[in-house]
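J.: After the structure tokens below, expect a handful of questions from me.
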Amino acid sequence: MVEAGGWYHVKRKEYRKELSMQKMKAHKQFDRLWKKKSKIKKISWEKARNQAYKWLCSKLKLRPAFAHIEFFDIRTCREVLRWCQQEKEDMKAKGEW
């Protein structure tokens, strides 16, 4: 039997684990996307990364200071994954991937 407070801590621990996993996945896909665009456009990583964060800001309707994956919740990380996948598919359709 789990005490009332114990249940909360179990759920909180599960949430943090899931959040950490979603953040890692979102970051991996996001980084992969802007690095690929850097190669395609033959621009520096810094410029490609800045463009990618501007894109992310527009998708999330956030100011740049808040458009960092470390600040996101699980739902937002899943949105980032979905957008990155869609962008990747669009690039494949253009023969860029």
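A short reminder: the numbers here are calculations on the coordinates, not readings from a lab. None of the values given here were measured: they were computed from a predicted structure. For neighbour counting, all protein chains shown are included, and Cβ atoms are generated from backbone atoms with ideal geometry for every residue, glycine included.
J.: Filter the trypsin sites (Lys or Arg not before Pro) in region 11-51 to those in DSSP coil with at most 13 other Cβ atoms within 10 Å of their Cβ, and list the result.
T.: Taking region 11-51 and a limit of 13 other Cβ atoms within 10 Å, the loop trypsin sites (Lys or Arg not before Pro) found are LYS42.
J.: OK, next. In percent, how large is the relative contact order of the chain, given Cα pairs closer than 8 Å and 6 or more residues apart? Walk me through the numbers on the way to the answer.
T.: Working: 53 pairs, mean separation 33.0, N = 97.
Across the chain, relative contact order equals 34 percent.
J.: Sticking to Cα atoms, compute the Rg of the chain to one decimal and its Dmax as the biggest Cα-Cα distance, whole number, in Å.
T.: 16.8, 59
J.: Something else now. As a test of the formula, what do you get for the chain when each DSSP H run with n ≥ 4 contributes -39,500 (n - 2.57) and the sum is divided by the residue count, at 222 nm and rounded to the nearest 500 deg cm²/dmol?
T.: Details: 3 runs with 74 residues, N = 97.
About -27000 deg cm²/dmol.
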